[in-house]
Amino acid sequence: MPSLEDVNEQSRFPDEVPAKRSEMLRATAQDLLNPMRLDPLPRMSRPRWLARLPHVLVAYAAVFFGFLTTEQLGDHYHVTGGTPLAIALMTGVSIALAMFRPIAGWWLGLIAAGLGAWTMYGHVGHGQTWPWTPGGVVGFALVILLVALRVPARVTIAVIVVPLVCTGLAEVSFKPEHSTSTALGGLLLFGFVGLLGYALRALRLARGELVEQETLTEEERARRTLLEERSRIARELHDVVAHHMSVISIQAQVAPHLVENPSEELKENLAGIRQNALEALTELRRVLGVLRSEQPDDPVALQHPQPTLAELDGLVDNVRGAGLEVTTEIAGVRRPLTPGVELTAYRIVQEALSNCLRHASGSRVEVGIAYGPRDLHLCIANTAPTRPAPPSPGAGHGLLGMRERAGMLGGELAAGPRPDGGYEVSAVLPMDPQDQPGRSSFETKRER
């Protein structure tokens, strides 16, 4: 026994079919009643020197059928005066217009056919065709072909059915005596060119989709190549850097045992070296995990938590242990931020402190963090160094990296010397980077 839901489902289907039909009819009527819609005839893609060949052939056909209409109306039906010239002009223009505005050309050709049938009605002799002339039905078939090349199938059916219905009604109601019917010939000819136009249009769309798919395939291949290159770089970095960091950690651990009665200060410094080496090794593996991962959200890439401002005290303690005097000051209500903002703020402070260690030996550093209503303000300033800075092997990309991190979130970063001989780095980061304009998915990935 069917349930109430089944009965409701079955009762709903009969109403949906007429609704879809009426919607399709309404859309078709709107297309036919919008004759000025521009839809140029596509060019031939290959060879390039034949790109305009279809347009040249259609223009020649427009001139040919214009003269043919004048000749048939004058010689076969003996219709003279300005009316045959007007009908011939409308016929030629309808074919030419269909190259750019297909529906407008179809309407103009249909009006020209109706005017021609009305004009030659009293001049039809024994065995002559009506309401179409022999050349007129072929010329209008060309218009239908041009329309079918650019419009959906439902519109193609409509542009075939409307003239056939008009032809049938005219022959049933007003067919001259002894004239030959054109309904069957029009049905066969219009149906053939409509089917041909639909097939050519489907072929053109299929080729376009194929080209688009090939483009996507090339992009996917390039992306795969990039990922393979990233994995190769990650392996090389791990093999080179991780080996040396591991050696430093082991040597720092073994060094106290190689000295007789090592001092507590020496033990503490060596323990700090070992701890920093292990943290650097962990950080390296974390970054390489992201570099190897195809998706930033991959669980493999997120197996280690990213540093946040909550770990700022540990970072400052490490810098103090290296001999730099650092003070921190936090203003505003401290609260958790989005992971991207937390990570970017931590990295900016970390890089700024590293620069102070490398280039401002013996200086005093002040780290200020202010939580505003909408922005997070950072300021890392140091006084003038008291002793010369040792040579640094860095590439000098620290400030560039900080600016990139701030820019990815829609923030700003400024850096420059202070009047007292020191240096200052300040940054403003939005609390909610998603509200920033121009933020892309690639930038979101770079945060990680």
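The values are calculated or read from the model by the stated rules, or taken from the named source; none is laboratory data. Please read all numbers here as calculations on a predicted model, not as lab measurements. A quick note on method: Cβ atoms are made from the backbone with ideal geometry, for glycine too, and the neighbour counts reach across all protein chains shown. Calculation scope for accessible area: heavy atoms of the full protein, side chains included, ligands and nucleic acids excluded. Shrake-Rupley method; radii C 1.70, N 1.55, O 1.52, S 1.80 Å.
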* To do: Quick one: grab Rg to one decimal and Dmax as a whole number for the stretch 107-231, Cα atoms only, in Å.
  => 23.3, 86
* Relative contact order (%) - criterion: Cα under 8 Å, at least six apart; region: the stretch 327-388 -> 39
* Kindly report, to the nearest 10 Å², the accessible surface of TRP107 as traced by a 1.4 Å probe over protein heavy atoms only. => 90
* Structure fact -> With all protein chains present, the stretch 77-132 has a carbon and sulfur share of its accessible area (1.4 Å probe) in percent of 72
* To do: Take peptides 349-362, 269-282, 173-186 and line them up by average Cβ neighbours within 10 Å, highest first, as a rough protection proxy.
  => 349-362, 269-282, 173-186
* Accessible surface, 1.4 Å probe, highest first, among residues ASP75, ASP375 -> ASP75, ASP375
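Compute the length gained on full extension between ILE111 and ALA255: take 0.36 nm times their separation in residues and subtract their Cα-Cα distance, giving the result in nm to one decimal.
Residue separation times 0.36 nm, minus the Cα-Cα distance, leaves 41.7 nm.
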* How much area per residue is accessible in the stretch 80-235 when the probe is 1.4 Å and only protein heavy atoms are counted (Å²)? -> 52
